[in-house]
Amino acid sequence: MGPQAPVMVITGTSRGIGRGLAEQFLARGYLVAGCARGQSTIDDPLYHHTQVNVSDESAVRRWVRALRTKYGRIDVLVCNAGTAKASSLVTMTDGALLEDIVRSNVFGTFFVCREVARAMMVARSGRIINVSSMAVGLHEEGTAAYSASKSAIVELTKILAKEIAPLGITANVVAPSMFASDAFAALGEGVQARARMKLTIPRTVTIEEIANVVAFFAAPDSSVITGQVIHMGLVV
Amino acid sequence: MITHERAIAMIQESTHGLRKAGLLAHDLVIHESTVLLGMGSELDSVAFVTLISDLEDRLSRETGHDQFLVLDDLHDFNGEEPSLTVRTLAPYLVEMARSS
């Protein structure tokens, strides 16, 4: 696409859905700026990696500022970074685990959305796509901390959508069902098996299917689609 | 080193940018008593947030250090005024640059 190639920022690109989406949109000609706590796992001239902990507010601000300087604009943001550590029943989940999940999933999404939205405000256009989870619709035992954090992402996105709609920026949520990733594995076999039984379409989704939803939200023709949640494989 | 006059000029340049981005209906002529936030301000909340982000960028470029404005700290510069004016913001920018 040359110098006019759209710029997509994706968090959590070292593995799983984030890495898969980065590869998908690099193949479509996007300039992709990714981040993760660790080093890059993507080798592509159109990919730019930064080591960032998205729950670190100052680090996020420095990172987004650097991206604004490097690219001059940000067209699409995909907030994917998060933690899905195995949790136990509410009565057995300790505060440290809860804090870790909320900091990573909620604080991280909040900080990145806020900073990128500011960058998009000047351009008066942009697409923000936050990644939630099937967990929100399943209300599965043993996922209280994780599901609460992913529910918070949905609510955050809906309010953000209303705040930035006058500026030509949309904000939506994709909630994938089972995707073969480390995060999904971390939920444990019991949770996975029960979730599979409750899904409307009881199979894993592919990265191409998730990218299809992201591409829909990111498309120019989707400028009137905002504050929406697409649950994949699940009727909520 | 950023002088008081340079800080005011930065605010003026930033508001020009807001005008170009369509966030301000017309160009503002910045002077000491121009209200940026609060009663009498011509900036809505989006324009104000964008102004602050732009000033952070400009200050970072001029000082060579990352700069993040903390609105709560502005109260220390003039806790008497109910609105945020250029008279309050400019010394804050100067102090941030000096202490970086």
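The values are calculated or read from the model by the stated rules, or taken from the named source; none is laboratory data. The structure presented is a predicted model; accordingly, all values stated were derived computationally and were not measured. Don't worry about glycine lacking a Cβ; one is built from the backbone with ideal geometry, like all the others, and counts go over all protein chains shown.
With the requirement that a residue be within 14 Å of another protein chain (Cβ to nearest Cβ) and either in contact with a Cys (Cβ under 9 Å, 6 or more places away or on another chain) or among the aromatic types (Phe, Trp, Tyr) (or both), what does the range A:102-145 give you?
Residues of the range A:102-145 within 14 Å of another protein chain (Cβ to nearest Cβ): A:111, A:113-126.
If the condition is that a residue be within 14 Å of another protein chain (Cβ to nearest Cβ) and either in contact with a Cys (Cβ under 9 Å, 6 or more places away or on another chain) or among the aromatic types (Phe, Trp, Tyr) (or both), then A:111, A:113, A:116 are the ones that fit.
Residue A:224 meets each of the listed conditions (1) under 20 Å from the mean Cα position of the chain (by Cα); (2) over 30 Å from residue A:88 (Cβ atoms) apart from (1). Looking only at residues in the range A:181-218 that are exposed (fewer than 14 other Cβ atoms within 10 Å of the Cβ) and either of a type in the set (A, V, I, L, M, F, W, C) or touching a Ser or Thr at 6+ places or on another chain (Cβ under 6 Å) (or both), which one is modelled with the highest pLDDT? The residue in question is A:201.
Within the range A:57-92, can you find the residues that are over 20 Å from the mean Cα position of the chain (by Cα), under 23 Å from residue A:154 (Cα atoms) and surrounded by fewer than 17 Cβ atoms within 10 Å (Cβ to Cβ)? If the condition is that a residue be over 20 Å from the mean Cα position of the chain (by Cα), under 23 Å from residue A:154 (Cα atoms) and surrounded by fewer than 17 Cβ atoms within 10 Å (Cβ to Cβ), then A:88, A:89, A:90 are the ones that fit.
Cβ-Cβ distances below 7 Å connect the following pairs, each with a first residue in the range A:33-52 that is assigned to a loop (DSSP other than H, G, I, E, B), a second residue that is modelled with pLDDT of 95 or more and surrounded by fewer than 14 Cβ atoms within 10 Å (Cβ to Cβ), and a separation of six or more residues or different chains: A:37/A:51; A:38/A:51; A:39/A:51. Quick one: in the range A:162-177, which of the residues that are surrounded by 19 or more Cβ atoms within 10 Å (Cβ to Cβ) and farther than 16 Å from residue B:45 by Cβ is modelled with the lowest pLDDT? Within the range A:162-177, the match that is modelled with the lowest pLDDT is A:177. I'm trying to understand the selection: among the residues of the range B:13-62, which are of a type outside the set (Lys, Arg), outside any loop (DSSP other than H, G, I, E, B) and in contact with a His (Cβ under 9 Å, 6 or more places away or on another chain)? B:59, the sole residue that qualifies. Checking each residue in the range A:186-214 for being small (Gly, Ala, Ser) and farther than 19 Å from residue A:21 by Cα picks out A:186, A:188, A:190, A:193, A:195. Of all residues in the range B:18-46, those satisfying the criterion of being surrounded by 18 or more Cβ atoms within 10 Å (Cβ to Cβ) and facing another protein chain (nearest Cβ under 9 Å) are B:18, B:23, B:46. For first residues located in the range B:47-69 and touching a residue at least 40 places away in the same chain (Cβ under 8 Å), partners that are crowded, with 16+ Cβ neighbours inside 10 Å and in a loop (DSSP other than H, G, I, E, B) and lie 6+ apart or on another chain with Cβ distances below 6 Å form the pairs B:59/B:67.
Answer yes if at least one residue in the range A:113-127 is over 18 Å from residue A:179 (Cα atoms), of a type in the set (Val, Ile, Thr) and either under 17 Å from the mean Cα position of the chain (by Cα) or surrounded by fewer than 24 Cβ atoms within 10 Å (Cβ to Cβ) (or both), and no otherwise. If you could, list the steps in order and put the result at the bottom.
Narrowing the range A:113-127 to residues over 18 Å from residue A:179 (Cα atoms): A:113-127.
Next, only the ones that are of a type in the set (Val, Ile, Thr) stay: A:116, A:122.
Subset that is either under 17 Å from the mean Cα position of the chain (by Cα) or surrounded by fewer than 24 Cβ atoms within 10 Å (Cβ to Cβ) (or both): A:116, A:122.
Yes, some residue in the range A:113-127 is over 18 Å from residue A:179 (Cα atoms), of a type in the set (Val, Ile, Thr) and either under 17 Å from the mean Cα position of the chain (by Cα) or surrounded by fewer than 24 Cβ atoms within 10 Å (Cβ to Cβ) (or both).
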